[in-house]
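Worksheet: the structure to be examined is printed underneath.
None of the figures in this text is laboratory data; all of them are computed from the coordinates on show. Computed from a predicted model, the values in this text were never measured in an experiment. Positions of Cβ are backbone-derived with ideal geometry, glycine not excepted, and every protein chain shown enters the neighbour counts.
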Amino acid sequence: MHHVVALVRPVQPAFALGCAVEVFDTVPPGTPRHYTFEVATETPGPIPTTAGYAMSVPRDLSAVRSADTVIIPGWTPVETPPSPQVSRALRQAHQRGARLVALCGGTFALARTGLLDGRSATTHWARADRLRQEFPAIRVESDTPFVDHGDVATSAGAGAGVDLCLHLLARDHGAAHAALVARYLAMTPHRASHGTHPPPEDPLDGLARWVDARLGSPLSVTDLAAQLQVSPRTLARRFTDRFATSPGAWLLARRVAAARTLLAETDLPVDAVAARVGLTSATNLRRRFRAQVGTTPGAYRRALRDG
């Protein structure tokens, strides 16, 4: 049976969690149960919600290790980064093949794992510009209810999270079953029929994986163009169309994103982090990091660990 885990935190958006529960934990009469659903958090116990009540969450991050789908049902405030332990749990879940799903502000938490870099994603329209500014390696689709890449998926507002969850239900068990669940929940059945197949992979997604495996190397824009077998001019045009930035700026953003991960998850000295991500020196890393993140690598690491 498919195991779904909603990863919550204080203060948990109640409606976004409710959307996920209603879709994945509803079993219309006469139909088999396809999912088990549970809620987990980093520190088990009472978790306050935006509705003013607290809910008891007994499961810790160990639940994520057995999940087939991990849902981040909102995230408040969006500027708060996941702890190193939460980020590590999400990345490890993705690495072993779990599907990661972010609803509304949950996109920001997922973005901070680096798993959305080089891909398209969405979030609530009021925060779309912030997402673009903070994560230039992500193509923000602010005019779509959800974006599904198969292994990661994001939705716009929490209401659009219902659309995304029904879409995933259709992918897993067919449009007819998703429509049945939608009708049982008194929702319009057409919600379940939004594109039941993930979008074809853009060559730039493959380029992102190729780059990530070689960040410690002195990559150039010419190297990126050669990998895609296009001219540097064509590569620049594609990056402008998809990311509204240049290949060089995109590559730098990926290096800084990788540095953020290493600072959060390792005790490597700053100069070693700089070498691992291809920024050559601690001085260069500090300069680039401050420009993109707004603080120094050392302060960023301390803030994560003190929080």
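Can you give the Rg and Dmax of segment 203-306 based on its C-alpha atoms, in angstrom?
14.4, 47
Near the amide H of Arg59, under 5 Å away, which other amide H atoms are found, from residues 5 or more places off or on another chain, if H is placed in the peptide plane?
Thr41
Would you mind ranking His177, His167 so that the residue whose beta carbon has the fewest other beta carbons within 10 Å leads the list? Each step should come with its number before you reach the end.
Details: His177 17, His167 26.
The most exposed by this proxy come first: His177, His167.
Hey, if you drop one equal point scatterer on each alpha-carbon of the chain and run the Debye formula without solvent, what base-10 log of I(q)/I(0) do you get at q = 0.14, 0.15 Å⁻¹?
-1.07, -1.20
In deg cm²/dmol, rounded to 500, what helix-only [θ] at 222 nm does the chain give when every DSSP H run of at least 4 residues adds -39500 (n - 2.57) and the total is split over its residues?
Result for the chain, helices only: -13500 deg cm²/dmol.
Apply the Kirkwood formula to segment 1-77: the hydrodynamic radius equals the inverse of the mean of 1/r over all pairs of different alpha-carbon atoms; give it in Å with one decimal.
So the Kirkwood estimate lands at 12.8 Å.
So what is the relative contact order of the chain, in percent, for Cα pairs below 8 Å that sit 6 or more residues apart?
14
Which of Pro13, Pro32, Pro48 moves most in a GNM of the chain, Cα contacts under 10 Å?
Between Pro13, Pro32, Pro48, it is Pro32 that shows the largest mean-square fluctuation.
Computed FRET efficiency, Cβ-Cβ of Asp151 and Asn284, R0 22 Å: what is it to the nearest 0.05?
0.10
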